[in-house]
1. Within segment 239-257, find all residues whose amide N lies under 18 Å from a label point positioned 7 Å from the Cα of D284 along Cα-to-beta-carbon.
2. Compute the acute angle (0 to 90°) between the alpha-carbon long axis of helix 53-67 and the principal axis of greatest extent of the alpha-carbon atoms of the chain; round to the nearest 10°.
3. Select one label from (i) 32.8; (ii) 39.0; (iii) 46.8: the one whose number is mean projected area of the Cα convex hull in nm² as derived from the coordinates shown.
4. Under the definition of Cα pairs under 8 Å and six or more residues apart, what whole-number percent is the relative contact order of the chain?
5. Measuring from centroid to centroid over Cα atoms, what is the spacing of segment 420-479 and segment 1-71 in Å?
6. How much of the calculated P(r) for segment 278-407 lies past 19 Å, in percent of all Cα pairs?
7. Counting pairs of alpha carbon atoms under 8 Å apart in space and at least six apart in sequence, what relative contact order in percent does segment 533-679 give?
8. For S118, what residues show an amide H to amide H distance below 5 Å, using hydrogens built from the backbone and excluding near sequence neighbours?
Amino acid sequence: MDFIIEAAVKAVKHLYQTDIEPAAVSIQETRKEFEGQVTIVTFPFTKFSRKGPEQTGAEIGEFLKNELKEVASFNVIKGFLNLSISDEYWISQLYNHITADDFAVAKPNGQKVMVEYSSPNTNKPLHLGHIRNNLLGYSVAEILAADGYEVIKTNLVNDRGIHICKSMLAWQKFGNGETPESSGMKGDHLVGKYYVLFDKELREQLKPVLNEVYEKHNLSAYKENQKTKIEESLATIAKVKEKRAQVEHANQKVISELDEKIAGEENKVKELLATIAEIKEQRDKAIEANQKAIGELDGKIAGEEDKIKEIAKNATPIMIETQQMLQKWEAGDEEVMNLWRTMNGWVYAGFAETYKQLGVDFDKYYYESNTYLLGKDIIEEGLAKGVFFKKADNSVWIDLTSDGLDEKLVLRGDGTSVYITQDMGTAQLKYNDYHMDKSIYVVGNEQDYHFKVLFLILQKLGKTGSDGLFHLSYGMVDLPSGKMKSREGTVVDADDLMAEMETTAKEQTEAMGKVDGFSEEYKTELYHTIGMGALKYFLLKVDPKKRLLFDPNESVDFQGHTGPFIQYTHARIKSVLSRADYNTEIKPVVAELAGVERDLIVLLSKYPETVKEAAKGYSPAIIANYIYELAKTYNKFYHEKSILQAEDEDSKQFRLALSASSAKVISKGMKLLGIEVPERM
C-alpha cells in the first residue's frame, strides 16, 4: 500500500501547503465493523489543516478518490479515514502477484543467521520439552530463510560430563553386553534405560548411608575429608532446631497470654472493645512473625540436610566410580573413550530416527566434548582489558551490578571452566566458522539469566557479532494429568508422544469414515501426517514465551483451531481442483467481487508481510494464526459461493484461481511450520 502513502503525502501538500515525510502517514487495516480495507489515521494532519479530524479526513479522502483509480470510495469515522479499494485492484493483485510462481519468495537480503536448537544430552532420549525446542527452532529457521536470510541450523550436543558417565558405568555394571540390536531398543532408549538404573542403584546405596547419618550419626564409614563437613552440618542442624524450638515455645507462651487477655477483655463493657481489637492485632502479628521465623529456620535445616545428602551421594561407591570414570575420560583413557564412542553412537542413531520422525534437520553439529575447554583465552583477554577481575583465591569474576545483575564467576580458582566459560568460547568458535550477522539460541526460559549475562559479557569484551545475539526463550509444555505415562515415569518421551499422536489421529479419522477408499499404505502415511500436523500446530500456534498445556485429543479436532482443520481445508481445495477443468493460462474478467471473495484476496495479499513480521519477531505463532484465518475465510467462501456449479465459466475459473492460490499459500505457510498438507483426507 505504498502508493496510498505517497498519495496521502501529496494530498497534505496540495490541501494544506505542508511537506511531510512518508513515515508521518499511519495506515492500518480497517476494522471489520467498518466498510473499507485500508484506514489512514487523520489526527496528525489537523495541525496543518486547522480543522477537525472528520473534516480533514473527508478532504483527504476526496483528494485520494480523485487522484487514485484504486480508491473506489471512502468514509470517515472520527479521526479515521477508511478507504474502499476497487475490485479491479484486488483482481489485479490476484492475477499479477498472488498466482505468480514467485509470490512471497523473498530475494536474498545478504544477511546470515545461525539458529541453534535441540541441544540434547546423550544420556537419555528426547522428551516433550525437546519437541517444543526442535519445532520452534526449525520453524524459525524456515521463516528466516523465507524472508531472505542465509540460515545455518546448528545443534550443540552435550555429550560429556558426569551424567554421561552415569549411563556408561551402569551399562558396564548391569548391561551384560546388551546392545540396541540384541535388545531391539532404539539406542537412545537403551542408554536412557541405564541412566535410570544408575539412579536406582544410587538411591539404594544412599539409603544406608543417610540412615547412618540421620539415625546413628556414625561417621566412621566416610572418608576423612568428608567427616568434618558432615559433623559441621549436623551441628548446624542441631543448633537451628534448638533455636526453632525456643522460638516456638516462646511464641506459644505469648499467644497463651494474649488469648487470656482477650478472654478477659471480652467480659468487660463495650468501651473496652477497642482494647480487645488491639490485642488481637498484636496476637496476629506474633503468630505471623513466629511462622516466618519457623519457616526461615526450616529452610536452613533443609539446606543443611541437602548438603549432607550431596556429601553422602558423592561418598557412595557408585558415584566415586563415576567420578573416576570422568577423570579417565578427561585423561583420554582408551577403554573409557571406546565405551563413550560406542554408547554415544547408539544415542546418535536413536536421535536421528526421532529427528526424522519429527521432520527437523541440522546443517552443523557442535559437540561439547570438543568445546568444553574453550573460553580460557577469552578470560585472559578480559583480564587484560579490565573486564574481569581476580579474587584472592585466583578465581576470575565479572562485576555486573551496575547493569542490574550480579557478580558472575567465569573461571574457578583451580583454573577449571564453568558453563559460561565454554559458552563464551563456543560463541567465538561459531562466529569464526560462519561470520553470521545474527545468532539465535533456542533455549527454555529457565536459562534467561544465563543468556543475559553471556551476551552482556561478550558485548563488554567488544566481540564482533555480539550485538546480533538473541535468546529465543520459551515456556514449558504440560500435559493433562493422566493423559500419558512416560517410559521413565518422570518425563514424557518424544517417541512415545509421537506414537500417541498417530494413534489418536487414526482413531479420530476413522471415526469420521472418510478413509474407506484409501490404501493401507496411504492411510498409514496420512495418520502420520495428521498426527504430526496436530502436534506441531498446537505447539507453534502459541507465542513461544507462554507456557502451554498440550492436550493430544484436542489437537486433532478437525473443526477447531488445529492443524488437522487446516490440513482438511487444503485437501478440500485439492479435491475441488481435481474435479474441475482449471485453466491456469486464462485471466477471466469478473465485473464485481462478492464480499467473501474480496476478503479472501485481501488476506492472501497479506502473506508476504506476515512472513516478514514472523521473521522479525522470531514467532511461528504469527504464521500459524494467519494460516488459520485463511483456512476459515476459504471455508466461508466455499460455503457461500458455488465453484464447480458457478453461474458462468468466467466466475468458475476465477473462483478456481482463488482456490488454487489459497491452497498454495496454506501449503507455503504450513511448510514454514514444518507441517505437511495432504492432497486427500
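Every number here is computed from the coordinates shown, using simple stated rules; none is lab data. Nothing here was measured: the structure is a model prediction, and the numbers come from that model. Every residue, glycine as well, gets a Cβ built from its backbone with ideal geometry; the counts of neighbours run over all protein chains shown.
1. The answer is 255-256.
2. For helix 53-67, the angle is close to 50 degrees.
3. (iii)
4. Relative contact order here is 14 percent.
5. 44
6. 78
7. Relative contact order here is 36 percent.
8. The list, which skips near neighbours in sequence, is N134.
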